[in-house]
Amino acid sequence: MVADATGKSMSEGSHRYHWLTASLLFALMLGGGAAALWYLAQPTSQPFRVVEIDGELRHVPRDALERTVADALTGGFFSADLDGVRRALLALPWVAEVRARRAWPDRLELEVREETAIAYWGEHGLVTPEGRVLYPQKETLPKGLPRLAGPEERNAPDVLARYRELGDALRPFDLEIAALHLDRRGGWSLRLDSGLELALGKAQVVARLNRFLRLYAQLLAMGIPEQADLRYSNGFAIRWRVPPDADRATDLSG
C-alpha cells in the first residue's frame, strides 16, 4: 500500500475526492433545479397563448366569460392559479360549474356549465332544480316558467318540493301550476294554467286538492269556476267566473 507523508493511504484520498466531487455535483443539481423552478414560476415564463371556453351557453355572454378570465388569469402555464379563475367564473350569474385544465404547451381549457331554471322566484329570481335561487340580469330571464314564491329565499326548496307534489296530483287531469305561493303563516295557494285560483291552507294540502279534483269535471259541467277555497273540512267554496246554469246543476256531495 502506498501512503503519503501523513501516513494516509492514496486510496483514502481518492475516496474523499470522489465524495467531494459527488457532493458538489449534487449541490449544483439542486441549485439548477431551484433556479428552473423559480424561472417557471415567473408570470412571463411559458405564458398561456390560447384560452378555450367550451359549453352550451344560452344565457352567459361569451364576452363576459372572456373578460373575467382575462382579469383573473395571472401567471404562466405552471404558476397560474386555476382555482382563482374558477372562482371568478362561478361568481357570474348563470354559471353553475367550471372545469379548468392545462394543455401543454400553452393552452388553458375551460368547460362551463350553465344553471337550469325550473321556475321564477318572486319578481326577479329563478329557482334551479336543486332549489337554489339565482338573480341573473333581468333581460336574461327565460319566458313561460311557473312562478313560485315564499316569505324568504330559504323557503325555496320547500316550495319547490310542494310544487312537484301538487304537480303530480294535477297531471292526470291535464292541469299545470302557473303559480304557487307560501305565505308567512304557512298557508298555500296556487293558480292553475286555466286561471283558476285555489286556497289550500296549511294542513292536508294534497288531500284537499285531490278531493277537489275528484269533482273538477262536474264543476266544469256546471260553469267556469274562478276561485275555490278548499280549507273546509268536508267541502269547498266556489266563486264562479261564469255562474252555473241551474238546469245543469250537479249534486257535488260525492
Going through the stretch 175-222 in order, the residues found to be of a type in the set (Val, Ile, Thr) and surrounded by fewer than 17 Cβ atoms within 10 Å (Cβ to Cβ) are Val206
In the stretch 67-112, anything part of a loop (DSSP other than H, G, I, E, B), more than 24 Å from Tyr135 (Cα to Cα) and of a type outside the set (A, V, I, L, M, F, W, C) is listed as Thr74, Gly75, Gly76, Ser79, Asp81, Pro105, Asp106
If we keep only residues of the stretch 129-174 that are free of Cβ contacts under 8 Å to residues at least 40 places away in the same chain and aliphatic (A, V, I, L, M), then the residue surrounded by the most Cβ atoms within 10 Å (Cβ to Cβ) is Leu148
Residue pairs within 6 Å by beta carbon, gap of at least six or interchain, first lying in the stretch 202-224 and within 17 Å of Arg239 (Cα to Cα), second part of a helix (DSSP H, G or I) and among the small types (Gly, Ala, Ser), listed first then second, are Leu209/Ala169
Only unsatisfied item for Ala117, checking (1) farther than 30 Å from His181 by Cβ; (2) in a loop (DSSP other than H, G, I, E, B); (3) not hydroxyl-bearing (Ser, Thr, Tyr), is (1)
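Computed from the coordinates by the stated procedures, all read-outs in this text should not be read as laboratory data. Because the structure is predicted, anything quoted here is derived from the model rather than measured. Glycine gets a Cβ as well: all are built from the backbone with ideal geometry, and neighbour counts include every protein chain shown.
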